[in-house]
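Notes to accompany the following structure.
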Amino acid sequence: MFGTCLIHPSEKTDIPTVTLASVDGLHSCSIFTYGATVISWINNGKEKLFVSTEAYMDGSKAVRGGIPLVFPQFAQPNPAMAQHGFARNQIWEILGSFSESDSISAILRCKTTEETRALWPHDFCLLYQITLSATKLITSFAIYNPNDNDIDFQCLQHTYLRIPHITTVAVSGLQGREFVDKMRAMNKYTEENDTICFREETDRIYVALQQSGDQASAPSVVNLVDAAIGPMMKCTSGVHRMEPQSADVAQLLQTALIDEKNSNFWIEYTGQWLHSPIHEDIDVVVWNPWEAKAKALVDLNDDGYFDFVCIEPGLVSQPTKLAPLSLLLLTQILEVSN
Ligand code: TA6
C-alpha cells in the first residue's frame, strides 16, 4: 500500500482538512476543505508549495498560497462577484479516497448553493481529485454542467510554488506563446525568450496554442529551474472535454456526480481519462507580486515574494463554453525534478 487518507480538524478551525500520506512518511499532501485548497505538498520531506505566514487559515478568506481554485471567473469581470470567483471560498465535501499501488487520492465536490446561485445563476458541480505519489502531485479540477443550457466560465488552478529565491529562478517552456501582460495595459506580446526571469512585478497570461482542426494539441509543459539547484519542477497541464456518449450515460453522470455521495462512479467514469493523454492545451498565468504589491497584500508577509512563483494552468484568456451534461477536466501534473 502506498499511503493513507486522514480527515482531521484544521489548525485554526473545525472546517476539516484531508491529509494524504505515504506509509514511508516521506510524502504527504494536505487539502483544506475550505476552497479544496491544497495547503501543503511534502515530497521526500521537503515542502514544495508556498503558503504565506499571514494567510487566513480560519475559513474567513481565500488562502494566500498552496493551490487555490478559481471558478467561475478569473480576476473580476463581474464586479458583483469576488475576484477569482467563489470556488475557493466554499466548504467542499469529501466524496472519498482511493489507493493504488503507487499513489493515494482524495476526491472532493462542490455544488450549487443559494449563495452561489445569487452570484451566478447556473447549477454546477465541481469535482477535484488530488493524487499523491512518490514523485508527483496530480490535481484534476473538473467542472460538470448539469443544466439544459451551455454555461460560460473561466477556471484555473492558482499554484504557488515554493522557491529558493525569486532572483535565482527561471521559468522555461513558454517561448513562442502569445501572452497578455497585465503590467503593460493588457497588451499582447510574443514570448521571445526560452526562459523567463523575475526582476519586477510579473503578471502574464500565456495563451493556449490553438488546436488546428481536430488535431489534439499537446499539453503545456513548463519547467521551473533554479540557478544553483538546476531543474526543480516540471509542470504539465491541459484539458480533457467529455461529452456524454449517450442519454443513459448522461443520466448516470447526472445522478452519480450530483446526487450520490460515493466516489466510485467518479473514479470509473473519469479514471480512463485521468490516465489518458491530455487532449487540449491550456493558458498558463505566471505571477510574482514583487515588493510593492507584496506590501499591499494584507495576507502576504512583505518579503514573501522572494519565496514563490505562481505557475497557474487555466482557461482564462477567454470564457469557456460547456455543453449540457458535459464535463471539462483541467489537469495539473507537478513532477519533482530533484
Ligand atoms: O493570477 C495572478 C493574479 O490574477 C494577479 O493579478 C493577482 O491578483 C493574483 O492573481 C492574486 O489574486 P488574489 O485575488 O488571490 O489576491
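Figures for the structure shown
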quantity: Given (1) away from the ligand (no atom under 11 Å from the Cβ); (2) closer than 22 Å to LYS234 by Cβ, index of the condition GLY65 fails; calculated: (1)
quantity: Subset of the range 34-47 (residues that are surrounded by fewer than 22 Cβ atoms within 10 Å (Cβ to Cβ) and either free of Cβ contacts under 8 Å to residues at least 12 places away in the same chain or assigned to a loop (DSSP other than H, G, I, E, B) (or both)); calculated: ASN44, GLY45, LYS46
quantity: Unique residue being closer than 20 Å to LEU328 by Cα and more than 17 Å from the chain's Cα centre (by Cα) when the list is ASP102, ASP150; calculated: ASP150
quantity: Residue, surrounded by the fewest Cβ atoms within 10 Å (Cβ to Cβ), within the range 283-338, restricted to residues that are of a type in the set (Ser, Thr, Tyr) and within 20 Å of THR139 (Cα to Cα); calculated: SER337
quantity: Yes/no for TYR128 being within 16 Å of the chain's Cα centre (by Cα) and within 14 Å of the ligand (Cβ to nearest atom); calculated: no
quantity: The one condition in (1) part of a loop (DSSP other than H, G, I, E, B); (2) within 30 Å of ALA247 (Cα to Cα) that LEU108 fails to fulfil; calculated: (1)
quantity: Only listed residue being under 18 Å from GLU11 (Cα atoms) and within 15 Å of the ligand (Cβ to nearest atom), chosen from THR37, THR53; calculated: THR37
quantity: Leading residue by the ranking (farthest from VAL38 (Cα to Cα)) among those in the range 319-338 that are assigned to a strand (DSSP E or B) and in contact with a helix residue (DSSP H, G or I) (Cβ under 9 Å, 6 or more places away or on another chain); calculated: LEU327
quantity: Count of the range 33-82 residues which are within 15 Å of LEU132 (Cα to Cα) and β-branched (Val, Ile, Thr); calculated: 5
quantity: Qualifying residue in the range 110-125 (condition: under 26 Å from PHE50 (Cα atoms), more than 16 Å from the ligand (Cβ to nearest atom) and surrounded by fewer than 20 Cβ atoms within 10 Å (Cβ to Cβ)); calculated: no
quantity: Filter result (within 30 Å of GLY25 (Cα to Cα) and away from the ligand (no atom under 16 Å from the Cβ)) within the range 140-156; calculated: SER140, ALA142
quantity: Search result, residues across the range 50-75 that are assigned to a strand (DSSP E or B) and among the small types (Gly, Ala, Ser); calculated: GLY65
quantity: Test: residue in the range 270-291 that is part of a helix (DSSP H, G or I) and at pLDDT 95 or above; calculated: yes
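The values are calculated or read from the model by the stated rules, or taken from the named source; none is laboratory data. These numbers were taken from a predicted model, which means no experiment stands behind them. Every residue, glycine among them, receives a Cβ derived from its backbone with ideal geometry; neighbour counts consider all protein chains shown.
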